[in-house]
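The values are calculated or read from the model by the stated rules, or taken from the named source; none is laboratory data. This is a predicted model, so every value here is computed, not measured. Counting neighbours? That spans all protein chains shown, and the Cβs are built from the backbone with ideal geometry, glycine included.
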Amino acid sequence: MNDQAARLRRMIEDKHPRSDNKSNNIQENSKPEKLSANRGPRTIAITSGKGGVGKTNLTVNLAIALGNMGKRVIIIDADMGMANVDILLGTTSRINLMSLLESDVALEDVLLRGPYGVSYISGGSGMEHAMELTSTERDILFRKLAGCEEWADIILIDTGAGIGGNVLDFISAADEVLLITTPEPTALTDAYAVMKGYSSISDNPNLKLIVNRVIDEPEIREVVGTLSRTAERFLKISVECLGYIYDDQMMIKSVRQQVPVMAGYPESISSRCILSIAKGLLNGHQEKVKLGWRGFLKRIFRS
């Protein structure tokens with residue numbers, strides 16, 4: 001296993017040389033209910049090393065699961081240039097985060113309540129210019145976005161993939177980071193690159209791993225073991241697995257239908273996995289998901 005970890009590290013070094021620099025139309029939608037301010041929401045960035053591993057899908061479904069558990073959740077779509085929370089919800093937005101720069105636009109105008117109880121702020125195509133703002137524009141956004149704490153218990157930030165496009169700025173600013181990957185070697189390599197970049201700029205890394213599209217528990221253990229041992233050995237950080245999502249045709253079907261799997265197929269294995277991740281976030285530890293009889297049959301008769 002040490003050889004496997006060393007190979008993974010070498011792949012990363014070749015692909016991402018180390019840097020010593022550590023800085024670096026829903027017109028009818030109702031608005032979320034505003035409640036009294038609390039101690040401040042948990043801010044959780046959801047990120048990935050590469051695109052196509054299910055990051056935004058997890059974000060939307062996790063918001064639904066947490067909402068069903070009584071939590072007020074807001075999604076900030078911060079995936080620059082690829083903002084697609086709208087797509088997964090089957091909606092479109094004419095107003096987005098960057099609209100806040102207009103003097104007559106308030107937070108309540110961009111904070112939309114989409115279907116399935118999902119409250120979100122669309123990133124829109126303008127998010128790709130978010131890091132080119134002047135100091136005055138940044139102050140305006142900061143002042144208006146600060147009001148989110150009065151509307152949410154948990155804020156999920158759907159970042160872009162990889163370590164470019166200011167993704168590290170978002171994840172380093174969050175209280176917690178969920179890194180989603182799949183078992184494919186390229187996804188693992190890029191996931192490690194995110195760990196490496198995050199650990200280089202964070203004084204107190206708080207990162208948990210989620211493995212998507214897994215077949216069985218041995219595969220989960222192999223993926224988690226490889227990444228956690230490599231991170232501990234070469235980055236000196238501890239990485240725990242918060243949960244996993246079994247490969248599920250209902251997930252694929254839900255994406256095509258533009259209906260989150262938690263809403264369209266709440267009894268599916270992928271929905272139960274996402275629910276366990278939501279419980280893990282609230283309880284502080286991983287929740288096991290049992291495959292049950294149907295899962296047993298699928299494994300027995302899987303071609």
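Structural remarks
- Within the range 184-204, the set of residues being surrounded by fewer than 20 Cβ atoms within 10 Å (Cβ to Cβ) and more than 17 Å from the chain's Cα centre (by Cα) comprises Glu184, Pro185, Thr186, Ser199, Ser200, Ile201, Ser202, Asp203, Asn204.
- Subset of the range 79-96 [modelled with pLDDT under 85 and buried (at least 21 other Cβ atoms within 10 Å of the Cβ)]: Asp79, Met80, Ala83, Ser93
- Listed here are the helices (runs of 4 or more DSSP H) enclosed by the range 83-196 that have at least 3 residues being closer than 21 Å to Thr43 by Cβ and among the aromatic types (Phe, Trp, Tyr), and there are none.
- Screening the range 97-108 for residues that are touching a helix residue (DSSP H, G or I) at 6+ places or on another chain (Cβ under 6 Å) and more than 17 Å from Thr159 (Cα to Cα) and picking the one that is surrounded by the most Cβ atoms within 10 Å (Cβ to Cβ) gives Leu100.
- Arg272 vs. criteria part of a helix (DSSP H, G or I) and farther than 18 Å from Gly70 by Cα: no
- Here the condition is being more than 21 Å from Met195 (Cβ to Cβ), of a type in the set (S, T, N, Q) and modelled with pLDDT of 95 or more; of Ser271, Ser303, it holds for Ser271 alone.
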